[in-house]
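One structure is given below, encoded as structure tokens.
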Amino acid sequence: MLLVDRSGPVATVTLNRPEAMNALSRGLRQALRDALVELAADDSVRVIVLTGAGRAFCAGLDLKELGQEEGALGSAVGGDPAANPVAAMDACPKPIIGAINGAAITGGFELALACDVLIGSTNARFADTHARVGIMPGWGLSQKLSRAIGISRAKELSLTGNFLDAVTASDWGLINRVVAADDLLAVCQKLALDMASVPEAASQTYKSLIDEGFGLSFKDAMAVEARVSQAHNPGVKAESVAQARLEVTARGRDQTAG
């Protein structure tokens, strides 16, 4: 139900229950959480790409399974953190790119929002149906979505349960861009390789710096940057910066030519 493909520094993780629109059964939640913890600790992996098999990214929690056990819904969302894939994503020091191949609904929307970068195919769609089905989110959607697209647009989506298409999601800043469905994985894996080419310590420190400051006031976030900068930069040698700058300049010329 979960596929993990390692190719050089990039691991592609695929939710593989296409017959159930990749709904998050207990087994899939645990498998995804365990895979993310393993990949976070794997020194050979620098970047993770998360996607879904078939026509959906993820339809959310497996309600058919949850309906068979009293109290299972509350346990699935707010229970054991060791079985919480979003907590594992939030704790992962490595960039996670969401390759949104289709519908990302409710809990699946929360998985998408836990990624660091989102690229959508033309088939990507997003919906928050928590209120419509009478439950409350527990993996961060109520707070992350408003910070991503603005509070009014977040309320529009969450208080209607309406679907958001890929182009509008891009226009609203929810996803970075929209690409053809057949190109989605290749585009995301190329982006992952670009990220993997950045020095690992700098990449992970910078990701942590952005995440830590994002939830703070501007003044407090600037203080966090000053603290991290003052701790990190004195250990960087001038000659390594000079060499890296030459490589950056050459890379810029190549990208401009391309």
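Bear in mind that the values in this text are calculations on the coordinates, not laboratory data. No experiment lies behind these values; they were computed from the predicted model shown. Every residue, glycine among them, receives a Cβ derived from its backbone with ideal geometry; neighbour counts consider all protein chains shown.
Observations on the model:
- Alpha-carbon radius of gyration plus Dmax, which is the widest Cα pair, for the range 128-250 in Å: 19.4, 59
- ARG245 paired with GLU225, simple spin-label distance in nm, labels 7 Å along Cα-to-beta-carbon: 2.0 nm
- Lysine pairs in the chain whose alpha-carbon atoms fall under 21 angstrom of each other, counting only those eight or more residues apart or on distinct chains, come to 8.
- Measuring r between the beta carbons of VAL133 and TYR206 and using R0 = 30 Å, the FRET efficiency lands at 0.20.
- Measuring max minus min along each principal axis, the C-alpha atoms of the chain give extents of 62, 41, 35 Å (largest first).
- Each Cα pair under 8 Å and six or more residues apart adds its separation to the average, and for the range 2-196 the resulting relative contact order is 21 percent.
- Report note on the peptides 232-243, 211-222: ranked by the mean count of other C-beta atoms within 10 Å, highest first, their order is 211-222, 232-243.
- Helices that extend 27 Å or more along their long axis by alpha-carbon positions and average at least -1.0 on the Kyte-Doolittle scale are, among the DSSP H runs of the chain, 238-257.
- Debye log10 I(q)/I(0) for the range 79-138, one point scatterer per Cα, at q = 0.18, 0.21, 0.23 Å⁻¹: -0.69, -0.88, -0.99
- Cα centroid separation, the range 24-68 to the range 93-152 (Å): 14 Å
- Fewest-first sequence of GLU225, GLU247, GLU110 by Cβ atoms within 10 Å of each Cβ: GLU247, GLU225, GLU110
- Between VAL13, VAL49, VAL179, the Cα set farthest toward the positive side of the dipole of the chain (charges on each charged residue's Cβ, about the Cα centre) is that of VAL179.
- Radius of gyration and Dmax over the Cα atoms of the range 194-249, both given in Å: 13.1, 36
- Given +1 at the Cβ of Lys and Arg, -1 at the Cβ of Asp and Glu and no other charges, the dipole of the chain around its Cα centre is 460 debye to the nearest 20.
- Amide H contacts under 5 Å for ALA23: ALA59, restricted to partners 5 or more places along the chain or on a different chain, H placed in the peptide plane at 1.01 Å from N.
- For the chain, DSSP calls about 25 percent of its internal beta bridges antiparallel.
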